[in-house]
Structure formats: structure tokens, C-alpha cells
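Here is the structure we will look at.
The values are calculated or read from the model by the stated rules, or taken from the named source; none is laboratory data. Just so you know, these numbers come straight off a predicted model, no measurement behind them. So basically every Cβ, Gly included, is an ideal-geometry build from the backbone, and we count neighbours across all protein chains shown.
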Amino acid sequence: MPAAQHPAYPVGLRLTDRKTIVIGGGQVAQRRLPALIAAGADITLISPSATPSVEAMADAGEITWVRRRYEEGDLADSWYVLVATADRAANDLASAEAERGRIWCVRSDDADAATAWTPATGRTEGVTVAVLSSEAADRDPRRTAAVRDALVEALRDGTVTADRTRTPGVALVGGGPGDPDLITVRGRRLLAEADVVIADRLGPRDLLDELPPHVEVIDAAKIPYGRQMVQEAINQALIDHAKQGKAVVRLKGGDPYVFGRGMEEAQALAAEGIPVTVVPGISSSISVPGAAGIPVTHRGVAHEFTVVSGHVAPDDERSLVDWSAMARLTGTLVILMGVDKIGKIAEALITHGKPADTPVALIQEGTTATQRRVDATLATVGETVVSEGVKPPAVIVVGAVVHENPSRNQR
């Protein structure tokens, strides 16, 4: 078959419940099968062997696996075929059968011998972006993938916009631990669509600079021992702006439901009949230790980790934490909001049996340019916080994993 002289004609195939044949169970099939499964295709894989991931798809009933090599007639009544074996002769035979049967055929080994090409594809919020090279001689997969990635990212972060229905009501968006790159793509997109953003101090502040001038930003910072916007006022602000028909984003640090009062806000909005979208965020309880080189779990060292709030001291009647139980755990203890109470917390853990020499790490301003790590033990951490001037926000890690990090300077 001569090389194509014209650009490919782009089209979207609707393969739901239509017979689709994949020949070859290697890495190419492993990459292509998930999209075919998502399209609802009736897939038969013909291959004497398969990668473990492809075999798992067959075991789950997502595809039918015929465990042999391709044979003439295998493509009968099919709509689409992917030829992806290392056997050129077998690929030629399958391609020829597809040509005779007028079946669209993609070949992984020879695009010029195929009747269809697979574009570099990306998806975001109901939109599929598919990129093909316009010239047959310029089919560089790295270039098409780069164009695809740029378009998808632009749609996600709002650089490229299109008229569409905005998410109604209020979005409770977890902004992650502080680094603006660690917000989810959905969170960034909702920020780009917002009319009003009610932001916490611990949210990724750099993202606010990217907002258009018309966006109203309300400071809901809860600065310890300083000015604060009481929760009832935050709830009312969310309700008032949403009832005005505005797209409202409540931007929080970490995850909305991990010590973020997200449920209180969701309940207040639901009571007013306002739709709520919750966008999970990367919790600082895991990400900040990781950024400092500390794994919260590690084989042979810690098989569990526990996250507790330290904003209430162990001897405070309001405390809901069973510190005696925390002392008995052999895994990792992660304490949030506990900088000013860590002395009393350490004291309680030691009193209940935790060894005084248990390693402790305090990571201040984790994942940001000002991140720093201070190490201590349960016996010394109270004094260390004072002598080193550790200030919130800081994540405190207690346990043997503190000494497992490969680099103290990791960020």
C-alpha cells in the first residue's frame, strides 16, 4: 500500500457493543485497551500471551481473550481492529483481511499500511481532545502528544475557555498543602470559572494571583491568636453569594474534610437548598511528610499511620483524642495543628508508655519555598519548638519512619 498523500480525515467512532478485535496482548494493547473498554466496545483479544495488566482485564470480564495466534477469518463481522504484534507477516495478513472486509484497521508497526490512525487523546470535563499530524511525513508521536497535553491543560486551568454551563452552587475545593502545583486539575478549573473565592490562609495563595480582576476574593483566614472570620460568617457568605447566582469557590488548604470544617459548610449550604460540589485535595498529613523525605508507612517499620488534631491539649476536657491509645500504636502518628500543644502532647504520650526517645519531625510550611524541617524526640520536642522558633502551619510526625528518609533536603 503506498504511503498516504493526504491528511487523515478525523472522525469519532462509536464502538458501543460493536465487535472490535485486538491482535496482540503486549504493551501496545495494554495502552489501547482501556480506551476501547471505556467506549463500550465488544472486544476480543487474539494472542497466545498477554501482559499481566491485559490478563487482568480478561479475568475481570472486560474483554474476551482467545489464547492463540491470528487466523484468517478472525475479523469477520468486526467493525474495528487493532493489529499490535511483533510478527510482521501476521500483521500483513490481518491488515489484508481488514482491507477486504472494509474494516478500519490500526497497525502499531506500520502506520502507512493502516487504514486508520490512533490520535493522541486527552479528556477533561466531557470534552475529548484528539490530535493527529496533518502531514503523513510528520507523524511524530511526541509532537502530537505535546499538543494534546497543552490543549488539555489549557482547558483544565481556564487558559482556554468555551461557553458552557458552570458548576452550580458552591464548590468546596481542597487546595493541597501549599504548593500551587499540587491542587487538582478539577480544583484549578473551578477556580478559573469562579465569580467569588472565599479563601483560607493555608490555601495555595499563589493561585489567587492568577484570578481575573473581576473575581471577588474574600479572606476567610483563621490566623491563630489573630483576626478570624468565624465559621458562621463564612457559611453565611457562601450562602449569600450563591443565592446571587454567582459561581462560588471555597478554597481550603489540604482536603476540605480533613480538619477543614468542610462538612459544616456543606450542611449549612444543603439546609438552604444550595448544591455543593466537593473537590478532594491532597492532605498535608501525607504530602508534607513526603515532601520532607518521610514516608508515613514503610515496609518493616510502620504498617499504619494515624492522623490526629492537636489543636486541643490532652488535658483539655474538649479533647476527643484517646492519647493512651495513640501511645500504644506501633505505627506513625501524624499531628496537625499541634505546634503550640506539642509539649503537652509529648508528655501525655510518654506518660502512657511511648518511649521518650521516639523520633519526632516538625515540617513547617511544607511543600512551599520556605519549607523547613526540625528533628527532635518526644523528650525534647517541647523545648525544640521554642528554641528553633517553629511556627504554624507545621505537620508533626512521630515514629520510626522519621529516620527512614533518603534525604533531609528533599522537597
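Among the conditions (1) assigned to a loop (DSSP other than H, G, I, E, B); (2) loosely packed, with under 11 Cβ neighbours inside 10 Å; (3) on the phi < 0 side of the Ramachandran plot, ALA86 misses just one, which is (2).
The set of residues in region 24-48 that are loosely packed, with under 13 Cβ neighbours inside 10 Å and touching a helix residue (DSSP H, G or I) at 6+ places or on another chain (Cβ under 9 Å) contains only PRO34. Just checking, does region 232-240 include any residue being touching a residue at least 60 places away in the same chain (Cβ under 8 Å), under 19 Å from the mean Cα position of the chain (by Cα) and crowded, with 18+ Cβ neighbours inside 10 Å? No.
Report whether or not LYS391 is farther than 22 Å from GLY176 by Cβ and assigned to a loop (DSSP other than H, G, I, E, B). Criteria not met by LYS391. In region 129-154, what residues are modelled with pLDDT under 80 and in a loop (DSSP other than H, G, I, E, B)? Residues satisfying the conditions are SER133, SER134, GLU135, ARG139, ASP140. Could you please let me know if LEU15 is part of a loop (DSSP other than H, G, I, E, B), among the aliphatic types (A, V, I, L, M) and under 23 Å from VAL129 (Cα atoms)? Considered against the rule, which asks whether it is part of a loop (DSSP other than H, G, I, E, B), among the aliphatic types (A, V, I, L, M) and under 23 Å from VAL129 (Cα atoms), LEU15 comes out as yes. If the condition is being of a type outside the set (A, V, I, L, M, F, W, C) and either farther than 18 Å from ILE234 by Cα or assigned to a strand (DSSP E or B) (or both), then region 190-204 contributes GLU193, PRO204. Filtered by the rule that a residue be of a type in the set (A, V, I, L, M, F, W, C), under 15 Å from VAL401 (Cα atoms) and out of contact with any Asp or Glu (no Cβ under 9 Å at 6 or more places or on another chain), region 348-383 gives a lone residue, ILE363. The number of residues in region 365-378 being assigned to a loop (DSSP other than H, G, I, E, B) and buried (at least 16 other Cβ atoms within 10 Å of the Cβ) comes to 6. Pairs are defined by a Cβ separation below 7 Å, a sequence spacing of at least 6 or placement on different chains, a first member in region 318-336 that is in the same structural domain as VAL395 (by TED's automatic domain parsing) and over 21 Å from SER284 (Cα atoms), and a second member that is assigned to a loop (DSSP other than H, G, I, E, B) and basic (Lys, Arg); the pairs so defined are ALA327/LYS354.
Yes or no, residue by residue, for (1) assigned to a loop (DSSP other than H, G, I, E, B); (2) touching a helix residue (DSSP H, G or I) at 6+ places or on another chain (Cβ under 7 Å):
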| site | (1), (2) |
| --- | --- |
| GLN236 | no, no |
| PRO256 | yes, yes |
| PHE259 | yes, no |
| LEU269 | no, yes |
| GLY273 | yes, no |
| VAL296 | yes, yes |
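Consider region 89-123 and keep the residues that are among the charged types (D, E, K, R) and in a strand (DSSP E or B). The one that is surrounded by the fewest Cβ atoms within 10 Å (Cβ to Cβ) is ARG123. Test ALA38 against the criterion of being at pLDDT below 95, under 14 Å from GLY25 (Cα atoms) and among the aliphatic types (A, V, I, L, M), and give yes or no. So ALA38 does not fit the description; no.
If the condition is being in a strand (DSSP E or B) and hydrophobic (A, V, I, L, M, F, W, C), then region 22-55 contributes VAL22, ILE23, ILE43, LEU45, ILE46. Checking each residue in region 56-78 for being within 18 Å of ALA35 (Cβ to Cβ), assigned to a helix (DSSP H, G or I) and either outside the structural domain of ALA35 (by TED's automatic domain parsing) or not small (Gly, Ala, Ser) (or both) picks out only MET57. Quick one: is ALA111 aliphatic (A, V, I, L, M), on the phi < 0 side of the Ramachandran plot, touching a residue at least 40 places away in the same chain (Cβ under 8 Å) and touching a Phe, Trp or Tyr at 6+ places or on another chain (Cβ under 8 Å)? No.
Filtered by the rule that a residue be over 33 Å from the mean Cα position of the chain (by Cα) and within 25 Å of THR16 (Cβ to Cβ), region 76-94 gives ALA76, ASP77, SER78, TRP79, ALA94.
Here ARG186, ARG205, ARG261 are screened, and the one residue that is touching a strand residue (DSSP E or B) at 6+ places or on another chain (Cβ under 9 Å), on the phi > 0 side of the Ramachandran plot and not assigned by TED's automatic domain parsing to the domain that holds HIS311 is ARG261. Applying the condition of being among the polar types (S, T, N, Q) and under 22 Å from HIS298 (Cα atoms) to region 379-407 and asking which residue is surrounded by the most Cβ atoms within 10 Å (Cβ to Cβ) yields ASN405.
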